[in-house]
1. Suppose we filter 112, 149 for residues that are of a type outside the set (Asp, Glu) and modelled with pLDDT under 95; which single one remains?
2. If only one of 37, 21, 17 is at pLDDT 95 or above, part of a loop (DSSP other than H, G, I, E, B) and touching a helix residue (DSSP H, G or I) at 6+ places or on another chain (Cβ under 8 Å), which one is it?
3. Give the stretch 53-100 a look and list any residue that's of a type in the set (Ser, Thr, Tyr) and in a helix (DSSP H, G or I), or say none.
4. Under 9 Å between Cβ atoms, which residue pairs at least 6 apart in sequence (or on different chains) link something in the stretch 104-124 that is surrounded by 14 or more Cβ atoms within 10 Å (Cβ to Cβ) with a partner that is among the polar types (S, T, N, Q)?
5. Check whether at least one residue in the stretch 203-212 is of a type in the set (D, E, K, R), closer than 18 Å to residue 262 by Cα and either exposed (fewer than 15 other Cβ atoms within 10 Å of the Cβ) or without any contact (Cβ under 8 Å) to a residue 60 or more places away in the chain (or both), and report yes or no.
6. If only one of 254, 244, 205, 224 is modelled with pLDDT under 95 and closer than 21 Å to residue 29 by Cα, which one is it?
7. Show me the helices (runs of 4 or more DSSP H) entirely contained within the stretch 171-262 in which 2 or more residues are farther than 19 Å from residue 20 by Cα and within 17 Å of the chain's Cα centre (by Cα).
Amino acid sequence: MIPTVPTPPLRLKPVAARQGALWVRNGFRIFFARPLAFTALFAAFLFGAMLLLAVPIVGSMLVLMSLPLLTLVFMLATAGALAGRAPTPLLFAMPLRGDARRTRLLVQLGIAYAIATLFIITLADFADDGALRSLEDALRVGKPEEVEAVLEQSGLQFGMLLRLALAALLSLPFWHAPALVYWGGQGFGQSLFSSTLACWRARNALVVFGLGWALLVTLFGLLASVVFGLLGSREMIGVAALPAGLMFSTAFYASLYFSFVDSFETQSAAEDT
């Protein structure tokens, strides 16, 4: 049975490693229950992000600030879908309505996340001496010899690993923080600390969760390569990757709600058990 949304006060629950696999499964299950609605929700975010990126100077900062809100919106969407309500893009306005303190805290989380992400990008660019940016430019130009030359740079792999490691660490305090502000009534620092602590206690489940997504994406890539290779249409792999990427991304965000409700419980519920 799917647990209901926790309400204050919140207490940490023990999380078994196998629950990470259940989060992946539940993410797909709720996605396929309302695939068009969830896809439209994520597509609305992508469209909004494209519009923001067109704004000079501050556009990219605003997109980064919106990512913690995106996780909360999908948690609201998943909770609503479990209750029989179809997700709509109107959910993006819900966390920012009503409680002024809660809205302020969510904005503060977005600003903190954006600043931390920009710091990671700057640090990694310095560490790899701009190798990743050079690779992006070479791919944009479409010259294989330039791409090959950049791939041979020694700092590229280190820079990519550094970005991945720091991004993973940054995700921990922000994993549950927006939901803890919205549903738990927690403050800025308390929500970041509670999220980090919950992720640490559920670290084995999160590892299984991450490996599950990596395995699914890898298997899809291999299957697509084999199928389109046998059909003699390898150019279709890129075409198939677009809807598949949209589906995987949407199901991933839909699955975050399950990691939250499996990590926290109300004090009254804890006392009853």
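1. 149
2. 17
3. If we filter the stretch 53-100 for residues that are of a type in the set (Ser, Thr, Tyr), which is where we start, we get 60, 66, 71, 78, 88.
Within the stretch 53-100, 60, 66, 71, 78 meet the criteria.
4. Final answer for the pair search is 105/186; 105/191; 109/191; 110/66; 114/60; 114/66.
5. To start, the set of residues in the stretch 203-212 that are of a type in the set (D, E, K, R) comprises 203.
Next cut, closer than 18 Å to residue 262 by Cα only: 203.
Of the ones still in play, those that are also either exposed (fewer than 15 other Cβ atoms within 10 Å of the Cβ) or without any contact (Cβ under 8 Å) to a residue 60 or more places away in the chain (or both) are 203.
Among the residues of the stretch 203-212, at least one is of a type in the set (D, E, K, R), closer than 18 Å to residue 262 by Cα and either exposed (fewer than 15 other Cβ atoms within 10 Å of the Cβ) or without any contact (Cβ under 8 Å) to a residue 60 or more places away in the chain (or both), which makes the answer yes.
6. On inspection, the qualifying residue turns out to be 244.
7. Where helices (runs of 4 or more DSSP H) fall fully within the stretch 171-262 and carry at least 2 residues being farther than 19 Å from residue 20 by Cα and within 17 Å of the chain's Cα centre (by Cα), they are 177-182, 236-261.
The values are calculated or read from the model by the stated rules, or taken from the named source; none is laboratory data. Computed from a predicted model, the values in this text were never measured in an experiment. Every residue, glycine among them, receives a Cβ derived from its backbone with ideal geometry; neighbour counts consider all protein chains shown.
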